[in-house]
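Student: Below is a structure I'd like to ask you about.
The values are calculated or read from the model by the stated rules, or taken from the named source; none is laboratory data. Here the structure is a predicted model, which is why all the values come from computation and not from measurement. For neighbour counting, all protein chains shown are included, and Cβ atoms are generated from backbone atoms with ideal geometry for every residue, glycine included. We work out accessible area using only protein heavy atoms, side chains counted, and drop any ligands, DNA or RNA first. Shrake-Rupley method; radii C 1.70, N 1.55, O 1.52, S 1.80 Å.
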Amino acid sequence: MNAMVKTGLSVLLLGLSALAGAADYITNASEIVGKTNWETMETVRVTIGEQGDKLFYKPSDLRFKAGQPYKLELVNKGKKKHYFTAESFFRNIATRKVQSDKDGEIKAPYFLALEVMPKGGKLDLYFVPVTPGEYQVICTIDDHVDRGMHGTLTIEP
């Protein structure tokens, strides 16, 4: 097989792999979100920041009940930007939107990470937990995990 054919096959296989993984999230999120009574939504706030050499999510461990709508407020009180990276969790919730009070909102089937700007940056994630399980959340910037920026997100039945 010549190099051009091998390259073409590799690109095709990578593309098919990406498509196969693309359905690895809650595919009926819009149906779940549409049927949800958002008047029963619970608000959970996570403060993000630094204290000396320590970095944190407060609280770092959260529990959500499957089927209950939530607004997760991520507020960065620190001097640095931080990520709230929880790809497995995001793939197992029905996302309504992510909203910034200053800049608008984004609607997508799922997110990989949310970046919260320093000094009062705030993002609100509106969602319905679907698949029970325990999922990790970390900040993927440099050594932030080693300095304490990690936690657990649990979806209970």
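Student: What pairs come up if the first residue lies in segment 106-117 and is touching a residue at least 60 places away in the same chain (Cβ under 8 Å) and under 18 Å from GLN136 (Cα atoms), the second is open to solvent by less than 40 Å² (accessible area, probe 1.4 Å) and among the aromatic types (Phe, Trp, Tyr), and their beta carbons are under 7 Å apart, counting only those six or more places apart or on different chains?
Tutor: TYR110/PHE90; VAL116/PHE84
Student: Let me ask something else. List the pairs whose first member sits in segment 135-146 and is under 17 Å from VAL116 (Cα atoms), whose second member is open to solvent by 80 Å² or more (accessible area, probe 1.4 Å), and whose Cβ atoms are under 7 Å apart, counting only residues at least 6 apart or on separate chains?
Tutor: Partner pairs satisfying both residue conditions: VAL137/HIS150; ILE138/HIS150.
Student: Tell me yes or no: at least one residue of segment 134-150 is small (Gly, Ala, Ser) and either buried (at least 18 other Cβ atoms within 10 Å of the Cβ) or outside any loop (DSSP other than H, G, I, E, B) (or both).
Tutor: Checked segment 134-150: no residue is small (Gly, Ala, Ser) and either buried (at least 18 other Cβ atoms within 10 Å of the Cβ) or outside any loop (DSSP other than H, G, I, E, B) (or both).
Student: Of the residues in segment 74-112, how many are of a type in the set (A, V, I, L, M), open to solvent by 80 Å² or more (accessible area, probe 1.4 Å) and under 15 Å from ALA29 (Cβ atoms)?
Tutor: 1
Student: How about segment 50-74: which of its residues are in contact (Cβ under 8 Å) with a residue 12 or more places away in the chain, over 15 Å from VAL137 (Cα atoms) and of a type outside the set (S, T, N, Q)?
Tutor: Result: GLU50, ASP53, LYS54, LYS65, ALA66, GLY67, PRO69, TYR70, LYS71.
Student: Test THR36 against the stated conditions and say whether it is touching a residue at least 40 places away in the same chain (Cβ under 8 Å), farther than 22 Å from GLU134 by Cβ and of a type in the set (Ser, Thr, Tyr).
Tutor: yes
Student: A further question follows. Give the residue that is farthest from the chain's Cα centre (by Cα), with candidates limited to residues of segment 52-66 that are under 16 Å from LYS80 (Cβ atoms) and open to solvent by less than 100 Å² (accessible area, probe 1.4 Å).
Tutor: Top of the filtered list is GLY52.
Student: Another question, then. What number of residues within segment 39-49 are under 18 Å from the mean Cα position of the chain (by Cα) and either free of Cβ contacts under 8 Å to residues at least 60 places away in the same chain or more than 19 Å from THR154 (Cα to Cα) (or both)?
Tutor: 7
Student: Take the conditions open to solvent by less than 60 Å² (accessible area, probe 1.4 Å) and part of a loop (DSSP other than H, G, I, E, B) and apply them to PRO118. Does it pass?
Tutor: In short, yes.
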